């Protein structure tokens, strides 16, 4: 099967590699060791594989790896810098917004993109829920997640 | 890994047309939120793909000096929703695209895909029907313009032939200027769900009288539809609750809902009538405010 030579960056680290066109971005990220990117449903419903591509959250399971050519990818591994958590990560810890943790990396990326775009301090629960509608938490811990996003917005 | 057997990354529209026309079973891969889902499920009908994701010229949203608005077929839902031209002139397009999937899906899914996929439940189809979209199609024989009326021929089917590629939607000023338009999706969940029924209406009034009305539904028939019988009841008449009731009865001539695991035929008909009345009231109200 066809491979294509692509360049992209993951968490500001540059990569150049031959990518099988059949692979999703999720497949490639996990092979490279970015295992925060989870496969849940595999069809874009659960959001466990959410990563940012040029700052936009998308389901990496429904995104061909070759589409990431020349783009900047962010996964949760790159968020914590020099041992310091981001405001979003801090807020998730503070509000106890993690139960089993499987959905957490995807949710952190959705919250991060949402708060980078919406910089107002007072966000309604409705707005937050809408912006996180593509991420399922099977432990159903949604209220603490909404609280965490509100807390992070004020940080 | 997706079971892709043959992959061609198109470098321009002509290249895509050539690749599609020489392979009778090749399918267009755009945003991927339908095709990749089917491939994930092992559907071999989608094994041969012509990927058009590099064709950035198909993502443009612009207006010409006459007021014709062009929305590139490859523009993703989020870009369309956030576009100022769309928000100002075609608010119902934004309103309906915002009901598709969730944020991640809307960041990839394209309106071109939503319409060409032929889904009976396509959320953007009501907007396409009431704003009377023209579809700019490129094919082996060159460029042509198709109307959205009659574009859908059955569940999952459209008039497009192998080798055709939808490049953009064209919305003419006479089909959006002065209209109040709104869309409501009835579904079990507020996000990540398929419409049980979708209802869109666009209307113009002169005083109390409705001068133009376009009413469209998804999941109410084997294709997205306009409801000409129901429209006729309201057009040229003063808006009244009595007329709304007559319109709701007349709607039965326009629609042909079916029973599926999502909802029964009877329940769908109830929702169709209820949504039509609600959305017409909403459009009348906003037209009143605008006047």
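A short reminder: the numbers here are calculations on the coordinates, not readings from a lab. Values in this document were obtained by computation on a predicted structure and should not be read as measured data. Glycine also receives a Cβ, built like all others from the backbone with ideal geometry; neighbour counts cover every protein chain displayed.
Some notes on this structure:
- Long-range tail of P(r) for the range B:181-290 (Cα pairs > 24 Å, %): 21 percent
- Spin-label pair residue B:161-residue A:122: with each label point 7 Å from Cα along the Cα-Cβ axis, the two points sit 6.1 nm from one another.
- The order of A:6, A:88, A:93, going from fewest to most other C-beta atoms within 10 Å of their C-beta, is A:93, A:6, A:88.
- B:274, A:75 arranged by Cβ crowding within 10 Å, fewest neighbours leading: B:274, A:75
- When the alpha-carbon atoms of the range A:87-154 are used, the pair Rg, Dmax equals 10.5, 30 angstrom.
- Taking the range B:23-67 and a reference point 7 angstrom along Cα→Cβ of residue B:140, the backbone N atoms nearer than 18 Å belong to B:23-28, B:50.
- Expected 222 nm ellipticity per residue - DSSP helices of 4 or more, -39500 (n - 2.57), all of chain B, to 500: -9500 deg cm²/dmol
- Whole-percent pair-distance distribution, where bins are 10 Å wide, for the alpha carbons of chain A: 11, 42, 33, 12, 2, 0
- Calculated FRET value between residue B:44 and residue B:266, using beta carbons and R₀ = 35 Å, to 0.05: 0.40
- The label-point distance for residue B:238 and residue B:57, in a model that sets each label 7 Å from Cα toward Cβ, rounds to 5.5 nm.
- Gyration tensor verdict on chain B (Cα atoms; rounded if a/c is under 1.5, prolate if a/b is larger than b/c, oblate otherwise): prolate
- Projected area averaged over orientations for the protein assembly as shown, convex hull of C-alpha atoms, nm²: 22.3 nm²
- With the helix formula -39500 (n - 2.57) applied to DSSP H stretches of n ≥ 4, chain A reaches a computed 222 nm mean residue ellipticity of -9000 deg cm²/dmol.
- Label sites at residue A:11 and residue B:282, each approximated as a point 7 angstrom past Cα along Cα to Cβ, lie 4.3 nm apart.
- For peptide A:44-51, the mean count of partner chain Cβ atoms within 10 Å of a residue's Cβ comes to 4.
- Our compactness index for the range B:1-147, the C-alpha radius of gyration over the empirical 2.2 N^0.38 Å, is 1.05.
- Across peptide B:93-104, the average count of Cβ atoms from other chains found within 10 Å of a residue's Cβ is 5.
- Chain B, relative contact order in percent, only Cα pairs under 8 angstrom and at least six apart counted: 15 percent
- Footprinting exposure proxy for B:161, A:71 (fewest neighbouring C-beta atoms within 10 Å first): B:161, A:71
- Calculated log₁₀ intensity ratio I(q)/I(0) where the Debye formula runs over C-alpha points of the range B:61-170, q = 0.19 Å⁻¹: -0.96
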